[in-house]
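A.B. asks: So that we are looking at the same thing, I have put the structure below in structure tokens.
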Amino acid sequence: MTLSHSQDAKQKLIIIGNGMVGHHMVEQLIERGATEAYDITVFGEERHIAYDRVHLSEYFSGRDAESLALCASDYYETNGVTLRKQECVTKIDRDAGEVVTEQGRYAYDRLVLATGSYPFVPPIPGNDRAKCLVYRTLDDLDAIREAAEDATTGVVVGGGLLGLEAANALRGLNLDTAVVEFAPRLMPMQVDTEGGELLREKIEDLGVQVLTGRATQEIVDGEASFHRMVFQDEKVLETDLIVFSAGIRPRDELARDCSLEMGERGGVVVDDRCLTSDPSILAIGEVAVWNNSIFGLVGPGYQMAKAAVATLMPGEDALTFSGADMSTKLKLMGVDVGSIGDAHGDRTPGAKMFRYLDQIKQQYRKMVVSSDGKRLVGAMLVGDNSYYDTLMQYYDNGLELPDDPASLILPSSEGAPTLGADALPETATICSCHNVTKADVCASIDAGATDLGAVKGDTKASTGCGGCTALLKSVVDHELEARGVEVDKSICEHFALTRQEIYDIVRVEGIKTFSELIAKHGASQSRGLGCDICKPAVASILASCFNEPITDASHIPLQDTNDTFMANMQKNGTYSVVPRVPGGEISPDKLIVLGQVAEKYKLYTKVTGGQRIDLFGARLEDLPDIWGELIAAGFETGHAYGKSLRTVKSCVGSTWCRYGVQDSVGMAIKLENRYKGLRSPHKIKFGVSGCTRECAEAQSKDVGIIATENGWNLYVCGNGGMRPRHAELLATDMDEDTMIRTIDRFLMYYVRTADRLQRTSVWRENLEGGLDHIRDVVVDDSLGLGEELESQMQTVIDNYECEWANAIKDPEKLKRFRSFVNDARPDPDIIMMSERGQLRPA
Amino acid sequence: MSTATAMKPEAETDMSWQPLCTKADLVEFSGIAAWIETAEGPAQVAIFYLPGHDQELYAVDHHDPFSNANVVARGIVGDIKGEPVVASPIYKQHFRLKDGSCVEDDSVALRTWKLSFKGDEVGIEV
């Protein structure tokens, strides 16, 4: 269709609310090109642009408002959408077709209510006392943090999903925390009595007191603490701080005031197209009532947003909202809780149940099946969500249960059962975050994707919560095989082995040379030469295991040119030289030496992103002399040429900075000196920041460390470069020894299991189990590998020697640095010209 | 295998043997660079040494036509389906050592020369 709208003919679309659902709607509108047809204005009452409320409690464990934001700060502006932050709509004037704020009146043609909900505060006398707070917005969290400053104890009123999230947040503020729930168990919506009891045990094991079946009668002055809560049985509980998190209520006052049709228990009534009783007004998210229900989860809110966009942009797909599944999979304070469909079995006449309870491992699983035992209608999990995906597939797709349905929840030595990918119908949802079906995966493969990474790139599957990674992988592998694509993981034609298999062979058999490896384990047709794929990979593995000098005669033919000459080849065949500058700290006299060497050998100098100095244009035959001078001045090789530890970038930290809470430079130097010389599947970069301002940009590094008042927070698997990825929080508030041990294990586990040339970010995305798996292995030592990984790291550290210092004292090794074996003159084809006062290739 | 036995009948008058270096200058399973004199003038060659293989010595252009830098001797030696190749260290194209042809682009080829040992000396036939 052709758009003939002139600028003034655009309709005015106003969206009230800039929460997760309101923001999702804006994203969908932008994606559909709605700004061609509408002038879009969004009103948000908060200071912040839309942020991730699902992960709000991480605000206390290192994340700030910026990292929780759902988009870049200029996203709205860049896409032609007006965002009016901190402007609260006070009235809708339907007769005039205007919304009213304190600042003015704004005309609309179409209006969307995405005002969300507010926390319900039970009508308890004393609930308006100071330090009685709620948990919903970043400002609420700031208020909680402030109130917690002189508090030692905190109580959360409400033991549901949000209540436990709030309790986790209070724990994050180091308060002795208690949860008070009116119902006889925690999470009454999601779990039954037995599940609730198990959940209580697990939460109490974490040091959180759990009081259920308690109705608070009043809150008065305490004796030992600020508040005293008095319960129905006259028992009391004293605490310094109270957070109400006892459910939500729709923020429907604007709709009520302008007489839109309301639900019986509040909320704006909408139809399948998200239209209210006034067809120019739509409502989405937690303010909307559909079929007498309010959906208090983000997933259904997103579906409503998509339906609302379809209503505003009528096109070929008449997408409507038809209710949403409230199945959820959660990790609350590290405790798995899952709930699928009719988990209580009270909505399905004649439903039958299977239940499994293990009080030692603290696991509980329940299946609710149809009266004929053939279909799954609901399920409940406490303690281990690895059963969730398979159960969800049976439920979601109405698949017939196996002959022995109990096997789906019984423990087995092979781990949680998985559903064969071939059993899934085409319509099966694989990734619910991005709504990717099996048919979408197949389409991606038919369009040419030949591996998991390509399918993920095409469909976005498994790039949200990552919960479906294992399922996606099995579907992809199965579909590839079904199409006759042999999923060959061999590293190259010379070895019918993966990099991981080669690594294990080298470790187990103690093989120390390429020739021995290829003789014993090379592919049968191999002539023993290898190639430019397997040789550097094996060189890297040998170095990771034994750390012998890479310039030794048996290793030298394996190396890429950069490793061979321990410098970075540039496009004209000259090299760049980067001495190590640990943590980016360098003394004036060393800086002067770098300048003198650069001047003497006519090198172009540039400061790198990793806080060191790169000297470009070094001729091959000059490298040994250059390094002779650098080593004499106390420099070491910087491994800028290797797939190995590069730099540990740091901010200046508490030594100088007014805001620093730890010595980030000292830590960076310590870490750089510890891990220098570690060869790995790809390069590794670190960052250390001295406070949460994060000036070292540690969250864009493979390993990022951010100082806290209590120690160090450790982030892993970040990346800058082509595909930026924020590092994820692995562990918090660690002391130095614990942190170093954790990094030892993390790096060695990466070295051991990654593919060749796979950065930590891609490795993590392909790793089954994702970050949780990494945490299990390196923090909780679930595989019992901890000591082994640490001792392997220690071997690398103990065998460290500056490669340039080693080469320079060996005349045999230096022979390689002749440009020509029969002529000492330099290569005449290297021609330089001058630009901005330095030399560059002509 | 190719010791100084395989003497070609030196019938052509311009066929001559230029000594370049000694065996000790070679790097096993890797390359070095040298200057040679040809009819068209001086040229840079890359010399590869594969001890124990049917043909132990190879010489191809040191000049990489894709990057226009003189770097071929610094590439990694390997084989593709049994044929010995060197990978350019800059943009990683592979050249067959036997005839200099490029695996990725059959319109491109390096020149090749014949090398042999005379005792400990390595020389080239030009």
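A.B. asks: Select from the range A:74-107 the residues that are of a type in the set (D, E, K, R) and either free of Cβ contacts under 8 Å to residues at least 12 places away in the same chain or assigned to a loop (DSSP other than H, G, I, E, B) (or both) and write down the one among them that is surrounded by the fewest Cβ atoms within 10 Å (Cβ to Cβ).
C.D. replies: Residues of the range A:74-107 of a type in the set (D, E, K, R): A:74, A:77, A:84-85, A:87, A:91, A:93-95, A:98, A:102, A:105.
Going one step further and asking which of them are either free of Cβ contacts under 8 Å to residues at least 12 places away in the same chain or assigned to a loop (DSSP other than H, G, I, E, B) (or both), we end up with A:74, A:77, A:87, A:94-95, A:98, A:102.
Details: A:Asp74: 10, A:Glu77: 11, A:Glu87: 17, A:Arg94: 16, A:Asp95: 6, A:Glu98: 17, A:Glu102: 8.
If we take residues in the range A:74-107 being of a type in the set (D, E, K, R) and either free of Cβ contacts under 8 Å to residues at least 12 places away in the same chain or assigned to a loop (DSSP other than H, G, I, E, B) (or both), then A:Asp95 is surrounded by the fewest Cβ atoms within 10 Å (Cβ to Cβ).
A.B. asks: Something else about it: So which residues in the range A:282-296 are open to solvent by 10 Å² or more (accessible area, probe 1.4 Å) and small (Gly, Ala, Ser)?
C.D. replies: A:Ser293, A:Gly296
A.B. asks: Need at least 1 residues that are within 30 Å of the chain's Cα centre (by Cα) per element, so show me which strands (runs of 3 or more DSSP E) inside the range A:295-388 make the cut, counting only ones lying wholly within it. Outline the logic, then answer.
C.D. replies: Working: elements: A:328-332, A:335-341, A:352-358, A:363-369, A:376-382.
Of the strands (runs of 3 or more DSSP E) lying wholly inside the range A:295-388, those with at least 1 residues that are within 30 Å of the chain's Cα centre (by Cα) span A:328-332, A:335-341, A:363-369, A:376-382.
A.B. asks: Also, quick follow-up: For the structure I just gave you, tell me whether A:Gly522 is touching a strand residue (DSSP E or B) at 6+ places or on another chain (Cβ under 8 Å) and under 17 Å from B:Glu28 (Cβ atoms). Please lay out each step first, then the result.
C.D. replies: On the way: touching a strand residue (DSSP E or B) at 6+ places or on another chain (Cβ under 8 Å): yes; under 17 Å from B:Glu28 (Cβ atoms): no.
Against the criterion (touching a strand residue (DSSP E or B) at 6+ places or on another chain (Cβ under 8 Å) and under 17 Å from B:Glu28 (Cβ atoms)), A:Gly522 does not qualify.
A.B. asks: Tally the residues that are within 19 Å of the chain's Cα centre (by Cα) and open to solvent by 10 Å² or more (accessible area, probe 1.4 Å), restricting the search to the range A:689-705.
C.D. replies: The qualifying residues number 6.
A.B. asks: Quick test for you: out of A:Leu282, A:Leu260, A:Leu254, pick the one residue that is assigned to a loop (DSSP other than H, G, I, E, B), of a type in the set (A, V, I, L, M, F, W, C) and in the same structural domain as A:Glu31 (by TED's automatic domain parsing). Walk me through how you get there before you give the answer.
C.D. replies: Details: A:Leu282 fails: assigned to a loop (DSSP other than H, G, I, E, B); A:Leu254 fails: assigned to a loop (DSSP other than H, G, I, E, B).
Within the list A:Leu282, A:Leu260, A:Leu254, the selection yields A:Leu260.
A.B. asks: Mind listing whichever residues of the range A:399-419 are touching a Ser or Thr at 6+ places or on another chain (Cβ under 8 Å) and either at pLDDT 85 or above or exposed (fewer than 13 other Cβ atoms within 10 Å of the Cβ) (or both)?
C.D. replies: A:Leu408, A:Gly415 - these are the residues of the range A:399-419 that are touching a Ser or Thr at 6+ places or on another chain (Cβ under 8 Å) and either at pLDDT 85 or above or exposed (fewer than 13 other Cβ atoms within 10 Å of the Cβ) (or both).
A.B. asks: Let me ask something additional. Name the residue, out of A:Gly721, A:Gly704, that is touching a helix residue (DSSP H, G or I) at 6+ places or on another chain (Cβ under 8 Å) and within 29 Å of A:Phe635 (Cα to Cα). Steps first, please.
C.D. replies: Working: A:Gly721 fails: touching a helix residue (DSSP H, G or I) at 6+ places or on another chain (Cβ under 8 Å).
Testing whether each residue is touching a helix residue (DSSP H, G or I) at 6+ places or on another chain (Cβ under 8 Å) and within 29 Å of A:Phe635 (Cα to Cα) leaves just A:Gly704.
A.B. asks: For the range A:772-793, give me the residue count where each residue is under 16 Å from A:Leu678 (Cα atoms) and without any contact (Cβ under 8 Å) to a residue 40 or more places away in the chain. I'd like the intermediate steps shown before the answer.
C.D. replies: So the first thing to find is which residues in the range A:772-793 are under 16 Å from A:Leu678 (Cα atoms), and the list is A:789-793.
Within this subset, residues satisfying the condition of being without any contact (Cβ under 8 Å) to a residue 40 or more places away in the chain are A:791.
Going through the range A:772-793 one residue at a time, the tally reaches 1.
A.B. asks: What number of residues within the range B:38-57 are in contact (Cβ under 8 Å) with a residue 40 or more places away in the chain, within 11 Å of another protein chain (Cβ to nearest Cβ) and either open to solvent by less than 10 Å² (accessible area, probe 1.4 Å) or in a strand (DSSP E or B) (or both)?
C.D. replies: 4
A.B. asks: Restricting to the range B:77-99, give me the number of residues that are more than 11 Å from chain A (Cβ to nearest Cβ) and closer than 20 Å to A:Ile533 by Cα.
C.D. replies: Filtering the range B:77-99 down to residues more than 11 Å from chain A (Cβ to nearest Cβ) leaves B:95-96, B:98-99.
From what is left, the residues that are closer than 20 Å to A:Ile533 by Cα are B:95-96.
The qualifying residues number 2.
A.B. asks: Which helices (runs of 4 or more DSSP H) sit wholly inside the range A:496-583 and have at least 3 residues that are away from chain B (no Cβ under 12 Å)? Can you show your working first?
C.D. replies: Working: elements: A:499-509, A:514-521, A:534-546, A:561-565.
Once the helices (runs of 4 or more DSSP H) in the range A:496-583 are filtered for at least 3 residues that are away from chain B (no Cβ under 12 Å), what remains is A:499-509, A:514-521, A:534-546.
A.B. asks: Something else now. Among all residue pairs at least 6 apart or on different chains, which show Cβ distances below 7 Å where the first residue, located in the range A:799-825, is facing another protein chain (nearest Cβ under 9 Å) and closer than 15 Å to B:Ser30 by Cβ and the second is open to solvent by less than 30 Å² (accessible area, probe 1.4 Å) and among the hydrophobic types (A, V, I, L, M, F, W, C)?
C.D. replies: Within 7 Å, the pairs are A:Arg816/B:Val27; A:Val821/B:Leu20; A:Val821/B:Cys21; A:Val821/B:Ile32; A:Val821/B:Ala33; A:Val821/B:Ala34.
A.B. asks: Hey, can you tell me all the residues within the range A:621-652 that are of a type in the set (Val, Ile, Thr), surrounded by fewer than 24 Cβ atoms within 10 Å (Cβ to Cβ) and over 26 Å from A:Cys695 (Cβ atoms)? Steps first, please.
C.D. replies: Filtering the range A:621-652 for residues of a type in the set (Val, Ile, Thr) gives A:626, A:631, A:637, A:647-648, A:652.
Next cut, surrounded by fewer than 24 Cβ atoms within 10 Å (Cβ to Cβ) only: A:626, A:631, A:652.
Hits for the range A:621-652 are A:Ile626, A:Ile631.
A.B. asks: Does A:Ser761 satisfy the condition of being within 14 Å of chain B (Cβ to nearest Cβ), open to solvent by less than 40 Å² (accessible area, probe 1.4 Å) and of a type outside the set (Asp, Glu)? Write out each step before concluding.
C.D. replies: Numbers: within 14 Å of chain B (Cβ to nearest Cβ): no; open to solvent by less than 40 Å² (accessible area, probe 1.4 Å): yes; of a type outside the set (Asp, Glu): yes.
No; evaluated as a whole, the condition is false for this residue.
A.B. asks: Of the residues A:Asp346, A:Asp396, A:Asp372, which single one is free of Cβ contacts under 8 Å to residues at least 60 places away in the same chain, farther than 19 Å from A:Gly195 by Cβ and open to solvent by 40 Å² or more (accessible area, probe 1.4 Å)? Before the answer, list the steps.
C.D. replies: Values: A:Asp346 fails: farther than 19 Å from A:Gly195 by Cβ; A:Asp396 fails: free of Cβ contacts under 8 Å to residues at least 60 places away in the same chain.
Among A:Asp346, A:Asp396, A:Asp372, only A:Asp372 is free of Cβ contacts under 8 Å to residues at least 60 places away in the same chain, farther than 19 Å from A:Gly195 by Cβ and open to solvent by 40 Å² or more (accessible area, probe 1.4 Å).
A.B. asks: Please verify whether the range A:463-482 includes one or more residues that are in a loop (DSSP other than H, G, I, E, B) and within 14 Å of chain B (Cβ to nearest Cβ). Step through it out loud before you land on a result.
C.D. replies: Going through the range A:463-482, the residues in a loop (DSSP other than H, G, I, E, B) turn out to be A:463-468.
Next, from what is left, pick out any that are within 14 Å of chain B (Cβ to nearest Cβ): none.
So far as the range A:463-482 goes, no, none of its residues is in a loop (DSSP other than H, G, I, E, B) and within 14 Å of chain B (Cβ to nearest Cβ).
A.B. asks: Return yes or no: is A:Ile203 surrounded by fewer than 22 Cβ atoms within 10 Å (Cβ to Cβ), in contact (Cβ under 8 Å) with a residue 60 or more places away in the chain and within 30 Å of A:Met367 (Cα to Cα)?
C.D. replies: Values: surrounded by fewer than 22 Cβ atoms within 10 Å (Cβ to Cβ): no; in contact (Cβ under 8 Å) with a residue 60 or more places away in the chain: yes; within 30 Å of A:Met367 (Cα to Cα): yes.
For A:Ile203, the condition - surrounded by fewer than 22 Cβ atoms within 10 Å (Cβ to Cβ), in contact (Cβ under 8 Å) with a residue 60 or more places away in the chain and within 30 Å of A:Met367 (Cα to Cα) - is not met.
The values are calculated or read from the model by the stated rules, or taken from the named source; none is laboratory data. Nothing here was measured: the structure is a model prediction, and the numbers come from that model. Cβ sites come from the backbone with ideal geometry, for glycine too, and all protein chains shown count toward neighbours. Note: areas computed on protein heavy atoms with side chains; ligands, DNA, RNA excluded. Shrake-Rupley method; radii C 1.70, N 1.55, O 1.52, S 1.80 Å.
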